[in-house]
Amino acid sequence: MEIVQILAFGILMGGVYALLSSGVTLIFGVLDVVNVAQGSFLVFSALLTWQIWDLTGIEPLLLIPVMGALMAFFGWIIYRGLVKRVVPQGPGMTVLLMFGVAIAMEGILNIAFGNKFKSVTPPYFTQSLQIGELVLPYPQLISGVMAAIVLVGLFFYLKLSWAGRALRASAQNKDGAALVGISSIKASSLAFAIGAMTAGVGGVLLIIMYPIYPATQYDWIAKLLGIIVLGGMGSIPGAVIASMILGISEAFAQAYIPQWSAAIFFGVILVVLLFRPEGLLGEKTREDVTT
Amino acid sequence: MSALKRPANVVGAVLILLLFLYPLVGSDTRYFESVLIVCMLYAIMASGWNIISGLAGYVSLGHSVYLYIGMYTGAILGKMWGVPPMYLMVLGGVVAAAIAVVVGFITLRTRSHSFVIITIAVLLLFMTVAQNWKSLTGGTDGFIVKQPEWNKDNPTTPYYYTFLGLMVLTVALVAFIMRSRLGAGLVAIRNDEGKAASIGVNTTLYKVTAYALSAVPFGFAGAVYAQYLGFVTPTTALAILMSVFLVLAALVGGRGTLWGPVIGGFLVWGANEASTVLAGEFSARLLIMGVILILTVMFMPAGLLPTISRFVHRRKSQGSAVAFIDQASIAQTSDVAIDSIVARTGQSTDPAVPELEVKGIVKRFGGVTAVDGVSMTVERGSITGLIGPNGSGKTTLFNCMTGTFQPDEGAVILNGEDITRQKVWTRAHEGLGRTFQITRLFKSMTVLDNLVAPLEKTSVRELVAGRYSGEEVDRAREVLDFMGLAQFEGQEAAALSFGQQKLVELAQVLMLRPSIILLDEPASGINPTLIEKLASVIRRLNDAGTTVLIVEHNIPLVLSLCDRVHVLAEGQVLISGTPDEIRNDPQVIEAYLGPDHMLEVNDV
Amino acid sequence: MSEAVLAMVDVQAGYGGGLVLQGLDLQIDKGTITCIVGPNGAGKSTVFRVISGLIKPKSGTVTFLGKDITGQSPSTVLRAGVAQVPQNRALFPEMTVHENVLLGGYAIRRDRALLKQRMAMVEEMVPLVRERAKEHAGNLSGGQRRMVEIGRALMLNPSLVLMDEPSLGLDPKSVAKVASLIREMAASGRTVLMVEQNVRLGMNLATHGVVMEQGQVRLTGDADGIADNPEVATMYLGKARED
């Protein structure tokens, strides 16, 4: 049953990864920008959650909508204030800008929270759910389930709401979207806001599971980048699949060959990129370099 | 930028002199030496980065990986052989370059967002491997480096001068590249990679070479740095920060310039150090550096040196504003004998073999068959026209000939040789030159620079030789003279009118000494006078032996200029013949005015 | 009495430093199908760009239904009642046909009843939209895509429809279908302005023709007259005889 145990664990974590990477994927799909600051957004939300919990003792899960909304607003401001101006300069510069944001945020978080690990420990922190021989720790279980719920919500939002339609349209054909009157600035702002929102929710989920400190963002840059590249830079289903792959392989590697788990993931990514530069489910862009 | 070259060199030389003198002259220099050491390290790294990212325009955000490679090479081999890492710095550079060649070859084939992200992924992969391969690298505990005897009291001065030396060498390397053909090719690639390929620049070779060269300074510096630190630890956060900071350094100073990255290195690390001292904690420093990065990217992406240069330029050239140069001021075509310009040596001149031939070309895009089995020849020494209405497939066929597209079926044969699978630059070397309907000159370069950029072959000499060396410059001037463009030699290509650009583009192609020139709608967008001039140039070239193929919509021009005309319609050859035959053929008129589908299909 | 739906007076426009339109005068009457033809570089696409607001003319005026729309933004022009069916792919390949057409009503999305009504109207005029409602737009053939694009453009009930090379890349059957739809649009009171490469087809379909050359209008008149005019052939192929 150990395998099922590990698998279950991996799926739960995969769910959390999926939520976070879908935010980055959405931003990329609509703006062609890779948000390398997503890790810092995540940590920001996590530490803020900790602060509120520390002061009020409130049940952290209640903060999910709060953090989601807060980070959405934050993301919107970052886009309007900073990103919008730099996008015309090209992908390299925009990624550089996001690094600047990430580093600045880490600095602020260090000042505000110090360089120490913070952990949120609600009463169920050390408890587990037992189903037969399966032992699922509550924090992971709740995080996985909540992530799935938010993901499903996001899925329906994109599918059924007009805003969601506008986002999908912008991602699929910018000119076509402009033709029907969809403002590309509004679409980009919304995409950024939603992307940041996923980090907001993810932050709450994360800090219930693990201790966090500002420099944690780098681990997340690595993971998210890997997922996006593997899954195809603009494809949300691809990101979900890649997230599951990461979650499950991490769980197995952690159990059997702990030190190589991360290396294997990156190795796989580079090999995939060798043969499919556009990722697993990404779309091929132009025909040739020398066109 | 050339106006500032001298002042910048002076500033650079003064900087180096001051750095050289400081430990000799100053007292209690240890602290500042240690700060300046890292400043110089960043200057070295930013300069190296500049080669691939500033000159060639391929932004790498994971370049610190090569520093780590240098560090580990020096440390690990040093321990194995009982040698202090610093003495192995050459090896550090070699290993870094070798790995860069492999990575570059894999990743530089495509141009997309992928490259930036892949460079980050490579860095992360390396750090992960270093963290986990305990037996080789010591893992996260780090690797203690073997120190030489003289290191007992931890002196900084030897390292200071070593880094200074490396910095001077790196600047020399970059200066050399910038003045060489390689550098010119890289700038061409940055301006317009597809165009660079069409004038004979082997873009893959150039990019991989640049990428490898960019890693060399990192490798050298890494070995020295490892010894300076005394240990090597793989911290991902630090590696990422380092990569970002070195890019910031190049940005702040001015990427693409010689001294910009150097000055930027000092500014960025200086700011970093200052904020540590003044603000105290690691955290405030991060905030300050992050904000500097954001502000630089948003408001001064060109960097300090170019901004200053532009300011100075504006001051100087006030009053002598560059007027939109009048087309009438193009001189008459000179009587310069152009045989020397266009003669191609070692060419088979068997008149029976057509210069260019296509057989059974089929090209599909999605569900549409643009070219549906076309076979035709371009006879040697002819001026051949290729016409047809929109959607006839003539442009697609043209692009199959030039190598821009790969045909799904069929073959392209140049002078008897099948070139169907040949790369675009190889075709240029084989004697096939082409122009573009919408001109593609290298905007940031002068006309003369544009003219010496084309390469007849790929060779080491072509990489290493100076931009303006050899007979190319003289020939370029002759060609410009022939076209009547001599006065525009020093003009920035972007300042010319569309018509003048067309002539310059043709001049560029002539530098390849092509046996055949493919002209893509040469008359589009220019006035009749210029069309006449163009026609006369084409006739003169043809008289001197160059074969010409023209794709055109301007039928009168084609009919007056060409010996033979092929008419394409709906992806197939409709008719071929002399201009007179074509002119009066009712099928041709029919094709242009459009098939009357309405008469074929009944609608109520 | 025919009323002018669109009037362009002495329009000069271009890109960068150059002028493509060099004093263009054009008048389109309501309910007509007008076809603009002319050799490459004549400026046909530029005319559309000026009308739809993508380019601001350097001088001259553009009046639509009496209102001055010179230099207005594309969304303003769209709302005023001008829809465009561009030459290239304008659909959203991973969305269904239904959703693609629905998005044509983006500007009126808040009015559900109106949206439903328009959808029904479009389905009526373009049966394909209902027949293939659930298919992904990316899987349709060129002709089918063109029909969906037109359907999408009709969602805002435009008074003027600009069509850029509607027959480009289509097989004869699809061309016939598109042509019949265009005629239907005109019959229901809409005005169609199209650019066509295929002169014969264009004049057969249109009621009026406009021949452009080098940024100006050279000939206007009834489509039949234009079709038979030998000058047109000359313009395309140059002088039939040199001196």
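The values are calculated or read from the model by the stated rules, or taken from the named source; none is laboratory data. Only a predicted model underlies this, so the values are computations on that prediction, with no experimental measurement involved. Glycine gets a Cβ as well: all are built from the backbone with ideal geometry, and neighbour counts include every protein chain shown.
Just a few scattered comments:
Every residue, every condition in (1) over 21 Å from B:Leu213 (Cα atoms); (2) hydrophobic (A, V, I, L, M, F, W, C); (3) without any contact (Cβ under 8 Å) to a residue 40 or more places away in the chain; (4) outside any helix (DSSP H, G or I), yes or no:
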| residue | (1), (2), (3), (4) |
| --- | --- |
| B:Phe115 | no, yes, no, no |
| B:Thr119 | no, no, no, no |
| B:Val122 | no, yes, no, no |
| B:Pro155 | yes, no, yes, yes |
| B:Tyr160 | yes, no, no, no |
| B:Met167 | no, yes, no, no |
| B:Ala172 | no, yes, yes, no |
| B:Leu182 | no, yes, no, no |
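- Taken together, the residues in segment C:126-169 that are within 14 Å of chain B (Cβ to nearest Cβ), surrounded by fewer than 23 Cβ atoms within 10 Å (Cβ to Cβ) and without any contact (Cβ under 8 Å) to a residue 40 or more places away in the chain amount to 6.
- Within segment B:485-497, being within 19 Å of B:Gly525 (Cβ to Cβ) and away from every other protein chain (no Cβ under 14 Å) holds for B:Leu485, B:Phe488, B:Ala493.
- Residue check: C:Asp10 meets all listed conditions (1) surrounded by fewer than 21 Cβ atoms within 10 Å (Cβ to Cβ); (2) more than 29 Å from B:Val551 (Cα to Cα); (3) within 16 Å of the chain's Cα centre (by Cα); (4) without any contact (Cβ under 8 Å) to a residue 60 or more places away in the chain but one, namely (3).
- Of all residues in segment C:94-122, those satisfying the criterion of being acidic (Asp, Glu) and either touching a helix residue (DSSP H, G or I) at 6+ places or on another chain (Cβ under 8 Å) or more than 19 Å from C:Arg79 (Cα to Cα) (or both) are C:Glu94, C:Glu99.
- The sole residue among A:Leu158, A:Leu154, A:Leu63 that is touching a Lys or Arg at 6+ places or on another chain (Cβ under 7 Å), at negative phi and surrounded by 18 or more Cβ atoms within 10 Å (Cβ to Cβ) is A:Leu158.
- Of the candidates B:Gly373, B:Gly416, the single residue that is within 30 Å of C:Val199 (Cα to Cα) and surrounded by fewer than 17 Cβ atoms within 10 Å (Cβ to Cβ) is B:Gly373.
- Pair list, Cβ under 7 Å, 6 or more apart: segment A:196-218 residue under 15 Å from A:Asn110 (Cα atoms), other residue surrounded by 24 or more Cβ atoms within 10 Å (Cβ to Cβ) and among the β-branched types (Val, Ile, Thr): A:Ile212/A:Val43; A:Pro214/A:Val43; A:Thr216/A:Val43; A:Gln217/A:Val43; A:Tyr218/B:Ile240
- Under the condition of being closer than 18 Å to C:His208 by Cα and surrounded by fewer than 17 Cβ atoms within 10 Å (Cβ to Cβ), the residues counted in segment C:46-73 number 0.
- For segment B:356-394, the tally of residues that are of a type in the set (Val, Ile, Thr) and farther than 27 Å from C:Asn139 by Cβ stands at 8.
- Residue count for segment C:192-201 satisfying the condition of being farther than 15 Å from C:Asp222 by Cα and in contact with an Asp or Glu (Cβ under 8 Å, 6 or more places away or on another chain): 3.
- Those residues of segment B:197-246 which are facing chain A (nearest Cβ under 9 Å) and under 22 Å from B:Ser459 (Cβ atoms), in sequence order: B:Ala197, B:Ser198, B:Thr203, B:Thr204
- Complete set of residues in segment B:498-519 that are within 14 Å of chain C (Cβ to nearest Cβ) and surrounded by fewer than 21 Cβ atoms within 10 Å (Cβ to Cβ): B:Phe498, B:Gly499
- Hits in segment C:1-35 - residues which are more than 14 Å from chain B (Cβ to nearest Cβ), among the β-branched types (Val, Ile, Thr) and not in a loop (DSSP other than H, G, I, E, B): C:Val5, C:Val9, C:Val11, C:Ile28, C:Thr34
- Residue in segment B:24-37 that is within 14 Å of B:Pro217 (Cβ to Cβ), in contact (Cβ under 8 Å) with a residue 12 or more places away in the chain, within 35 Å of the chain's Cα centre (by Cα) and assigned to a helix (DSSP H, G or I) present: no
- Identity of the residue in segment C:65-90, of a type in the set (A, V, I, L, M) and either touching a residue at least 24 places away in the same chain (Cβ under 8 Å) or part of a helix (DSSP H, G or I) (or both), that ends up farthest from the other protein chains (Cβ to nearest Cβ): C:Leu65
- Residue within segment A:228-248 that is out of contact with any strand residue (DSSP E or B) (no Cβ under 6 Å at 6 or more places or on another chain), facing chain B (nearest Cβ under 7 Å) and modelled with pLDDT of 75 or more present: yes
- Any hit, segment B:51-68, residues being in the same structural domain as B:Met167 (by TED's automatic domain parsing) and touching a strand residue (DSSP E or B) at 6+ places or on another chain (Cβ under 9 Å): yes
- Counting the residues of segment C:201-213 that are in contact with a Gly (Cβ under 9 Å, 6 or more places away or on another chain) and either over 21 Å from B:Gly391 (Cα atoms) or buried (at least 20 other Cβ atoms within 10 Å of the Cβ) (or both) gives 9.
- For segment B:412-430, a residue qualifies if it is in a loop (DSSP other than H, G, I, E, B) and under 17 Å from B:Arg380 (Cβ atoms), and the qualifying residues are B:Asn415, B:Gly416, B:Ile419.
- Against the list (1) assigned to a helix (DSSP H, G or I); (2) buried (at least 16 other Cβ atoms within 10 Å of the Cβ), the condition C:Pro93 fails is (1).
- Some residue of segment A:45-53 being in contact (Cβ under 8 Å) with a residue 24 or more places away in the chain, more than 27 Å from B:Ile117 (Cβ to Cβ), crowded, with 24+ Cβ neighbours inside 10 Å and among the polar types (S, T, N, Q): yes
- Within segment A:110-143, the set of residues being surrounded by fewer than 17 Cβ atoms within 10 Å (Cβ to Cβ) and within 14 Å of chain B (Cβ to nearest Cβ) comprises A:Ala112, A:Gly114, A:Asn115, A:Lys116.
- Here B:Ala274 does not fit the description of being away from every other protein chain (no Cβ under 14 Å) and touching a strand residue (DSSP E or B) at 6+ places or on another chain (Cβ under 7 Å).
- Residue satisfying condition, being within 14 Å of another protein chain (Cβ to nearest Cβ), more than 30 Å from A:Tyr218 (Cβ to Cβ) and surrounded by fewer than 21 Cβ atoms within 10 Å (Cβ to Cβ), within set B:Arg179, B:Arg190: B:Arg190
- The lone exception for B:Ser275 - which of (1) free of Cβ contacts under 8 Å to residues at least 60 places away in the same chain; (2) crowded, with 22+ Cβ neighbours inside 10 Å it fails: (2)
- Residue in segment B:538-552 that is within 14 Å of chain C (Cβ to nearest Cβ) and either on the phi < 0 side of the Ramachandran plot or crowded, with 21+ Cβ neighbours inside 10 Å (or both) present: yes
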